[in-house]
Each structure stands twice: as C-alpha cells, then as structure tokens.
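Novice: Encoded as structure tokens, here's the structure I'll be asking about.
The values are calculated or read from the model by the stated rules, or taken from the named source; none is laboratory data. Source: prediction; values computed, not measured. Note that we place each Cβ from the backbone using ideal geometry, even for glycine, and neighbour counts take in every protein chain shown.
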Amino acid sequence: MRLTEHDGKALLRRHGIAVPEGLLLQGPPSATAKGVLKAQVLEGGRGKRGLVRLVAPGEAPAAAAAIRGILGDSTAPLLLEQAVAIKREIYLALRVDGTAQGIQLLVHPEGGVDIETTPGLLRCDLDPEAPGQLEAIYALLAPAFAPALAAPLARLALRLARVMVAEDLDLLEINPLAVLENGRLMACDAKLVRDDSAAFRHDAPALSAALEDAALTPLERRARDQGFQLVELPGGTVAMVTAGAGLGMLMLDLLADVGCPAACFMDNVPGGPMDSTPERLDAAYDIARRPEVKGVMFYTTLASRPLKARVDALAEAIRRSPPPKPLFVGIAAGHAALRGYSLDQARADLAAVGVAALHDNPHDLVRAVAAGLAGNHGQGIR
C-alpha cells in the first residue's frame, strides 16, 4: 500500500521523527491560512503538476481551488503545513533490495526533483540490528558531509531503518530531508510504501486506503473482490494469466523481450482461494476483447498441488467460455504435482478443448506467443 504524505508523516511522527506541523483539509481552507498547500495523491511529481503551492494569508482558498481543479475533484484532500525555513536539503531513502534481500540506504547531498537519478548518490546495504552499522553509515557519509552533519544523519538513517522493519515498509523516501538553521533534521516530504503481505499486522490509514481503492479500475476491483490481485498495464498486447509475484515478473520480462508486452499482471493475495483459474481467465478475456490486445497467455507452476485439478479447472473454464483471442498455455509441474497424472495426459485433456500445445518451459511458451501473434489474423486457441 502506498501511503499519502499525510499518513506517512503521521507514521513517522509516531516513531519520534521530526515533521512539520500540518492539518488535513477536506473542505476549503480559511482565508487566514498560510504555509504550504499540498495535494494528497499517491503519485509523485506533484510539484511539476502545480499540486504544491506556498500560500500567504488570503491566498489559500484560491490555491486550493486551483489544485483541486487540476485534480478534477472539488473535494480532494489537501495538506496544509507550516512553511519551514530550510538551510539545506538532503535526499534520503531506504528501500528493500530484492536482489540482496535486505535494506539499501540511498543518500544524496542535495534534495530535489529526480535527484535519485543524478550522479553522486551514496548507497550501502544495512542491517539495522547488526553490530557496527552506525559506524558503516558514518563512513559512507563522511566524504560528502561535515562531521557535525554526518553524525546525526547516520543516526537518523539507522533509526529510519528500524522504523522500516517495524512498519513492514518496502520504501521510505524523504525528499527533502531539511537541515534547519539550528541543525535539526526534519522530514519535509515523505513517500512510504507498505508491503501488502504484512497488511494484517497494521491498521490501514483511512485516507491512503480510500485513495488506493479509488485508483483501482473496475476490473482490478473485481479481481480484488474475487480473491486475487490484478494490475492493468497500458500498452500491452498479451493478457497474461499467472499466479505468484516472482513468476509474474519473470513472464513480464520474457514477454517484453520478444516484443509482446503484457497487458496485465496477476498475483495471489494472503487468504485468497486455492484456485481462481476461472476468475483469472474471465478477467484476461475481458482485457483480450480490447482491439490492441492480440492474445491470452496462461502460465503457472505447481510444486505439490495436483496437476490434474489445475488442468480440469482450466479445461472447464475454456468449455464454459472460449477465449476471444488466441490462448497460449504453459504449466511446469514438479514430481509431487505429477503423481498419478502426466504432462502427456494433461496435453491430451487440453487438446480436447482446443489447446494445441502445452508448454512446460516458460521460454518455449513465450516464443510460441511471439510466433503465434506475429502470424495471427483471427481468433482461436493455440
């Protein structure tokens, strides 16, 4: 879950991190209001879009109306914060590094727009509970900051890493982290993303949850209600049916490599149904009916769940509702999944409902998709 700035700062405040005083506005601000007026949205780039404005007394009502006009929502929530006298801006972020399976610290001596893509970004892996971490962070910062700033900055980075673990965050980005005239560090903006798998351990902030829900497409909302996650991807040409985030990301990359970008991404959710094959196919068919989408690809892996049950569910779904565009199928099954039922039998059972080939290798499947769609001028099952 992405948190709004208001909710993210409330979380930081609970952990004792300094943030500006602010007020969430659901209606118009008073004529005497002053400070920084910010739209509460889940996307970045607010400054470029005119969604952050410094207002003096008398200016807030017009500025609020202008921001809400850009958003196209006359009741959009706004955050009114005290203006902070900033001596220096710093970029500081912590993120989960999926490759290293740990937390990575990112720091730049300057804050600003797109700063994370500029030269001079300092980075290191850290474990907030490992011995010597504070010293390691200080060693990273010392070449770029005076000792009087590097020391408190290192302490703050370590503290934020512990907040990240306690709150199950995938990302904690502060840009800018302000250095005030008295040397105090204050988070003047905050972008936080919480791991959805840990949602059961936390109360979802009402504002962030409402905006997340409002951002869903009707198809994404339907998938959520049926017990799985679906994300629509603009510009895709293949409606992709998968289960599991890692497998889905792999297939996304393989499809992109052959010039057949996915039109959607699917994932399991904690507590979801054991098998949602029919529902996932229905969603993929809805996407495939769009003129720009040329085919449907189904791929799953089975370690211990019976292959026969998955094939039966897939075959029944195809009988009930034939695909509107070419369907390409792949299943990789481990020894336990194959007990009493072979891939050859699976191929025969799927051939009976029109599936011409069953691939157990993802590369073979993706190559079949690319070749099939390159020569496809009609509908059917492949």
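Novice: I'd like to know if segment 45-52 contains one or more residues that are within 24 Å of ASP196 (Cβ to Cβ) and not acidic (Asp, Glu). It would help to see each step written out before you state the result.
Specialist: Applying the first criterion (within 24 Å of ASP196 (Cβ to Cβ)) to segment 45-52 yields 45-46.
Subsequent filtering for residues that are not acidic (Asp, Glu) retains 45-46.
Looking through segment 45-52, at least one residue is within 24 Å of ASP196 (Cβ to Cβ) and not acidic (Asp, Glu).
Novice: Next question. Take residues that are surrounded by fewer than 17 Cβ atoms within 10 Å (Cβ to Cβ) and in contact with a strand residue (DSSP E or B) (Cβ under 8 Å, 6 or more places away or on another chain) and tell me which of the strands (runs of 3 or more DSSP E) falling wholly in segment 223-287 contain 1 or more. Lay out the reasoning, then the answer.
Specialist: Working: elements: 228-232, 238-241, 264-268.
In segment 223-287, 228-232 are the strands (runs of 3 or more DSSP E) which contain 1 or more residues that are surrounded by fewer than 17 Cβ atoms within 10 Å (Cβ to Cβ) and in contact with a strand residue (DSSP E or B) (Cβ under 8 Å, 6 or more places away or on another chain).
Novice: Something else now. Scanning segment 95-124 for residues that are modelled with pLDDT under 95 and charged (D, E, K, R), which turns out surrounded by the fewest Cβ atoms within 10 Å (Cβ to Cβ)?
Specialist: By that ranking, first place goes to ASP114.
Novice: Considering only residues that are farther than 22 Å from ARG184 by Cα and among the small types (Gly, Ala, Ser), which ones fall in segment 85-135?
Specialist: Once the filter is applied, which keeps residues that are farther than 22 Å from ARG184 by Cα and among the small types (Gly, Ala, Ser), segment 85-135 yields GLY98, ALA100, GLY102, GLY120, ALA130, GLY132.
Each row is one residue, and each column tells you yes or no for (1) farther than 30 Å from VAL231 by Cα; (2) assigned to a helix (DSSP H, G or I).
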| residue | (1), (2) |
| --- | --- |
| ASP7 | no, yes |
| ALA10 | no, yes |
| ARG13 | yes, yes |
| GLY16 | yes, no |
| PRO20 | yes, no |
| PRO29 | yes, no |
| ALA33 | yes, no |
| VAL36 | yes, no |
| VAL41 | no, no |
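Novice: Could you tell me which numbered condition PHE200 fails, if it satisfies all but one of (1) surrounded by fewer than 19 Cβ atoms within 10 Å (Cβ to Cβ); (2) touching a residue at least 60 places away in the same chain (Cβ under 8 Å); (3) assigned to a loop (DSSP other than H, G, I, E, B)?
Specialist: Status for PHE200: all satisfied but (3).
Novice: Now for a separate question. Being in contact (Cβ under 8 Å) with a residue 24 or more places away in the chain, in contact with a His (Cβ under 6 Å, 6 or more places away or on another chain) and of a type in the set (A, V, I, L, M), is that true of even one residue in segment 158-166? Before you say what the answer is, go through the steps one by one.
Specialist: Going residue by residue through segment 158-166, those that are in contact (Cβ under 8 Å) with a residue 24 or more places away in the chain are 158-166.
Going one step further and asking which of them are in contact with a His (Cβ under 6 Å, 6 or more places away or on another chain), we end up with 163.
Keeping just the survivors that are of a type in the set (A, V, I, L, M) gives 163.
Yes.
Residues checked against (1) touching a residue at least 60 places away in the same chain (Cβ under 8 Å); (2) more than 30 Å from ARG201 (Cβ to Cβ); (3) out of contact with any Pro (no Cβ under 9 Å at 6 or more places or on another chain):
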site: GLY259; (1), (2), (3): yes, yes, yes
site: ASN268; (1), (2), (3): no, no, yes
site: MET274; (1), (2), (3): no, no, yes
site: THR277; (1), (2), (3): no, no, yes
site: ALA283; (1), (2), (3): yes, no, yes
site: LEU327; (1), (2), (3): no, yes, yes
site: ALA357; (1), (2), (3): no, yes, yes
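Novice: Also, quick follow-up: Which of the residues belonging to segment 211-223 are out of contact with any helix residue (DSSP H, G or I) (no Cβ under 8 Å at 6 or more places or on another chain), under 16 Å from ALA284 (Cβ atoms) and not hydroxyl-bearing (Ser, Thr, Tyr)?
Specialist: The initial filter retains those residues of segment 211-223 that are out of contact with any helix residue (DSSP H, G or I) (no Cβ under 8 Å at 6 or more places or on another chain), namely 211-212, 214-215, 217-218, 220.
Next cut, under 16 Å from ALA284 (Cβ atoms) only: 217-218, 220.
Correct list: PRO218, GLU220.
Novice: Would you check which residues across segment 72-91 are closer than 12 Å to LEU54 by Cα and of a type in the set (Gly, Ala, Ser) and list them?
Specialist: If the condition is that a residue be closer than 12 Å to LEU54 by Cα and of a type in the set (Gly, Ala, Ser), then ALA83 is the only one that fits.
Novice: Could I ask something else about it? Looking at segment 75-171, what strands (runs of 3 or more DSSP E) fall wholly within it and have at least 2 residues that are touching a Gly at 6+ places or on another chain (Cβ under 6 Å)? Break it down stepwise before answering.
Specialist: On the way: elements: 78-81, 86-97, 102-108, 122-126.
By residue number, 78-81, 86-97.
Novice: Just wondering, is there one or more residues in segment 330-347 that are closer than 18 Å to PHE265 by Cβ and not in a loop (DSSP other than H, G, I, E, B)?
Specialist: Going residue by residue through segment 330-347, those that are closer than 18 Å to PHE265 by Cβ are 330.
Applying the additional criterion that residues be not in a loop (DSSP other than H, G, I, E, B) yields 330.
Yes - at least one qualifying residue is present in segment 330-347.
Novice: For segment 211-220, what are the residues that are under 16 Å from the mean Cα position of the chain (by Cα) and either part of a loop (DSSP other than H, G, I, E, B) or surrounded by fewer than 19 Cβ atoms within 10 Å (Cβ to Cβ) (or both)? Quick ask: steps written out before the conclusion?
Specialist: Taking segment 211-220 first, the residues under 16 Å from the mean Cα position of the chain (by Cα) are 211-217, 220.
Within segment 211-220, GLU212, ASP213, ALA214, ALA215, LEU216, THR217, GLU220 meet the criteria.
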